[in-house]
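Everything below concerns the one structure shown next.
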Amino acid sequence: MSDIAAESFIRRDLVAERAAPVKTTGLIGFLRTRLFSSPGYVLLTILSALLIWFTVIPALRFLFVDAVWQGHDREACLAQNAGHPVGACWPYIAAKMNQFIYGFYPGAERWRVNVVFLLGAVLLLPLLIPRLPAKSLNAGLFFLAFPVVAFFLLYGSGISGFGVSWLTGLLLAFANSLMSAGDGLVRVGVNAAVVHALLWPVAELIGLLNWLRDQILTSRQPVWIDFAITTLVVTALVFFVGGGGARAIRATITTLATFAGIGIVIAVMGLDHGGLPVVDTRLWGGLLVTLVVSVTGIVTSMPIGIALALGRRSTIPLIRIASIAFIELVRGVPLITVLFFATYMLPLFLPGNMRVDGLLRALIGVSLFSGAYMAEVIRGGLAAIPRGQGEAANALGLSWGNTTRLVVMPQALRHVIPGLVGSFISLFKDTSLVSIVALFDLLGSLKASFADPVWATPTTAYTGFAFTGMIYFAFCFGMSRYSLFVERRLNAHRRN
């Protein structure tokens, strides 16, 4: 025991203090770990600081420090009058704000545009907030009812009939084509009696509907009588197609509620008495046209893209070849070519008495163009779905439609949220190309305002482009941030 005690070691001096660990929190820690942690980071930090110094600082100085905030004409934004180098001329923006928002829309009718903006915001915001209830009703109002109400508010006009009149007019438009087809069949050798037997039911239906329409038009309330007949017919069809059970009763009640809402809109807006005064689309402009084109393109491109993506993967050769041909043809040409074709060449393929509004032609072109790009994005999501998902759904007895709607498509869309939003942002910015076909969007209205000599200054153009750039950035950045929120929420199961 004495040997062990003798060999034991007992420290009699204090151990020297070790250096404190490197601080990784706070401002000093941030600078050390994020900006100056290595020679490469130091170089990047210096380059970034120089870039900010030579770009951001002058931009802020132009927009705020040297800016002119008050004035009535160009004299306030001249350096010799301001007494210092003049930056942004904000009085010019204030003077032209109505033109930037409404274009040449009549001043007395601009309340209609404001109502459309308000309705769109009121219906869209609840869709973007996940916790709010009644998403199906809200979506139906935004995607189905709102476009119709917005059309009659922005364009004006009324209706002279309803379902019976519209169906009769559509059939009469095709009557001449049917007669020409019958004559062609007779000329190629088909028996005239056979042709008459084929076309006789259609001719009788057209004659019956035409007689009914004439009777409705001669009444005192043609719109409401036509509306009542259409409501009864459609409701009866919904009830009998549903089989008459509890589900059919619910569908019938929904149909009646829908027609009741349509009737309220007709009565409130006075559509049965001519509606609001007509404002030609050539007078639309500014932010109004930008939002109309972009929102229409975004909303319509999704179903078009889904249909084309599914068609490209179809096992039916005709559908697959037609989808591939359309996608490759549209994606192979620039948007400006599509707009020119829709604006100037499409009328050449229509009957002589048929006219399509210029804005509507641009909307069709933008929708088809963005739909083709959307199809490839969605097809990438479909390709990422394992084959076993569809096979498991088939094993459970689900049909192809239910498998696609309930199993495959939700997963595919969740995978391609960044690509979809990227396409939406590109489409929103590409709406500026409609100015090429004589439609004054936000940028078109801005360029038109440069011709005003009252505000002709050296900084007017820079101020205008900076202002429109802020608007585009606000919309695009908002879509980007919301897409990140949706992506995190839908992919919560993948978080570590």
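Three principal axis extents of the stretch 382-452 based on alpha-carbon atoms, in descending order, are 69, 20, 14 Å. Ligands, DNA and RNA left out, the 1.4 Å accessible surface of the stretch 302-445 is 68% carbon and sulfur atoms. Ignoring aspartates and glutamates fewer than eight residues from residue 96 along the same chain, the ones with Cα atoms less than 18 angstrom from its Cα are 73, 75, 109, 441, 452. Accessible surface computed residue by residue for the chain, with neighbouring protein chains in place and a 1.4 Å probe, gives 61 Å² per residue. Ranked by solvent-accessible area (1.4 Å probe, protein heavy atoms only, all chains present), the residues 155, 41, 472 order from largest to smallest as 41, 155, 472.
When the residues 17, 204 are ordered by accessible surface, computed with a 1.4 Å probe over the protein chains alone, the sequence from largest down reads 17, 204. Amide H contacts under 5 Å for residue 157: 276, 278, restricted to partners 5 or more places along the chain or on a different chain, H placed in the peptide plane at 1.01 Å from N.
With n ≥ 4 as the cut-off for DSSP H runs, can you work out [θ] at 222 nm for the chain, using -39500 (n - 2.57) per run divided by the number of residues, rounded to the nearest 500?
After summing the helix terms and dividing by the residues of the chain, the value is -20500 deg cm²/dmol.
Taking Cα atoms only, the orientation of helix 317-331 departs from the longest principal axis of the chain by about 60 degrees. Report, in degrees rounded to the nearest 10, the 0 to 90 angle that the Cα long axis of helix 192-217 makes with the longest principal axis of the chain. Once rounded, the angle reads 80 degrees. When the accessible area of the stretch 36-79 is split by element with a 1.4 Å probe, what percent falls to carbon and sulfur? The C+S portion of the solvent-accessible surface of the stretch 36-79 is 74 percent.
In the set (i) -0.33, -1.11; (ii) -0.20, -0.76; (iii) -0.25, -0.96, the label that goes with log10 I(q)/I(0) by the Debye sum over Cα atoms at q = 0.05, 0.10 Å⁻¹ computed for this structure is (i). Relative to the dominant Cα principal axis of the chain, helix 246-269 is inclined by about 90°. Hey, if you drop one equal point scatterer on each alpha-carbon of the stretch 230-282 and run the Debye formula without solvent, what base-10 log of I(q)/I(0) do you get at q = 0.19, 0.23 Å⁻¹? For the stretch 230-282, the Cα-only Debye profile gives -0.68, -0.81. Given a 1.4 Å probe and the protein chains as shown, residue 328 ends up with an accessible area of around 80 Å².
The values are calculated or read from the model by the stated rules, or taken from the named source; none is laboratory data. Since this is a predicted model, take the numbers as computed values, not measurements. Just the protein is used for accessible areas: all its heavy atoms, side chains included, with ligands, DNA and RNA removed. Shrake-Rupley method; radii C 1.70, N 1.55, O 1.52, S 1.80 Å.
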